[in-house]
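Every number here is computed from the coordinates shown, using simple stated rules; none is lab data. Since the model is a prediction, treat every value here as computed from it, not as a measurement. Cβ placement follows ideal geometry from the backbone for every residue including glycine, while neighbour counts extend to all protein chains displayed.
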Amino acid sequence: MTAGIIDGKQVAAQVQEEVAREVAALKEKGLTPGLAVVLVGDDPASQVYTANKERTARELGMHSVLHRLPATSTQDEVAELVMQLNRDPAIHGILVQSPLPKGLDMDAIIRLIDPLKDVDGFHPENVGRLWTGQDGLVPCTPAGVMRLLDAYGVDPKGKHAVVVGRSNIVGKPMAALLLARHATVTICHSRTPDLPETCRRADILVAAVGKLQMITAEYIKPGAVVIDVGINPVPGFKKRIRGDVDFDSAAQVAGLITPVPGGVGPMTIA
Ligand code: GUN
């Protein structure tokens, strides 16, 4: 059997169309949504992500600003910028790109962001809202995964979902969103014994570990839905990226699978 492919580019394009329409409707009412993206330092991947976020927001009709601070910035300097953006009536969303350079405390910066402007959903107020079933802002990558599942008619209700990876950005909020949709959720990580066996019990398997092609066919139940959140460089190739899932072997066993690139990636910014 060969798995069906989940086309993230196509679903992301739909999301962007919706966002553009919603932005236009707000502008008609005299309100231009404003996004501020904050990049501290010059991490190459973060430069690409933040530039894409700023550009996409602008292309969809928003007011969009990228603030670049040097890697030598102090905690107070970053904090001062965040507080200024909290007060700025033209800014409705604030994204501080993670990771911050060594020596800066990301958790402290996140706590300073107005929870109502915390479009990453990283503030403890929004994290608490997610886990307690209250409306709030939700991290974009797991939100994008839920949107992909919906687009392909995959209802998590009553299914066993296994999330590999427990980061605050993906693994934990992913588990919360699947739980809220009535999946039975298992979170696995580097200390989980018998990882392949646990993964093989998944109807929905989400890989978010950051290890190139670690999840092979032996981790996958025949017919399972496999979602690959990994974005890993391939050693020896300048521009090639691959996921946490070994696509070629996994696609022989899975029922539906996201490719990398072209799966979850395009959904995150959308
Ligand atoms: N670094 C990796 N992913 C993300 C994200 O979704 N938001 C922010 N702010 N930083 C990130």
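Overview of results
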| item | result |
| --- | --- |
| Of residues in region 169-208 being within 16 Å of the ligand (Cβ to nearest atom) and in contact with a helix residue (DSSP H, G or I) (Cβ under 7 Å, 6 or more places away or on another chain), the one farthest from residue 154 (Cα to Cα) | 169 |
| Breaking point among (1) within 21 Å of the chain's Cα centre (by Cα); (2) hydrophobic (A, V, I, L, M, F, W, C); (3) farther than 23 Å from residue 20 by Cα, for residue 79 | (1) |
| Residue count, region 233-260 (criterion: in a loop (DSSP other than H, G, I, E, B) and more than 16 Å from the ligand (Cβ to nearest atom)) | 15 |
| Filtered residue count, region 149-177, keeping only those that are buried (at least 23 other Cβ atoms within 10 Å of the Cβ), assigned to a loop (DSSP other than H, G, I, E, B) and on the phi < 0 side of the Ramachandran plot | 1 |
| Candidates 226, 234, filtered to the one that is of a type in the set (A, V, I, L, M, F, W, C) and within 26 Å of residue 157 (Cα to Cα) | 226 |
| Where residue 71 falls short, out of the listed (1) touching a strand residue (DSSP E or B) at 6+ places or on another chain (Cβ under 8 Å); (2) within 14 Å of the ligand (Cβ to nearest atom); (3) aliphatic (A, V, I, L, M) | (2) |
| Filtered residues of region 74-103 (kept if in contact with a strand residue (DSSP E or B) (Cβ under 9 Å, 6 or more places away or on another chain), closer than 20 Å to residue 41 by Cβ and within 16 Å of the ligand (Cβ to nearest atom)) | 78, 81, 82, 85, 94, 95, 96, 97, 100, 101 |
| Residue 165 vs. criteria of a type outside the set (D, E, K, R) and within 16 Å of the ligand (Cβ to nearest atom) | yes |
| Every residue from region 210-220 that is surrounded by 24 or more Cβ atoms within 10 Å (Cβ to Cβ) and within 20 Å of residue 142 (Cα to Cα) | 215 |
| Test: residue 39 is touching a Gly at 6+ places or on another chain (Cβ under 7 Å), part of a strand (DSSP E or B) and over 28 Å from residue 257 (Cα atoms) | no |
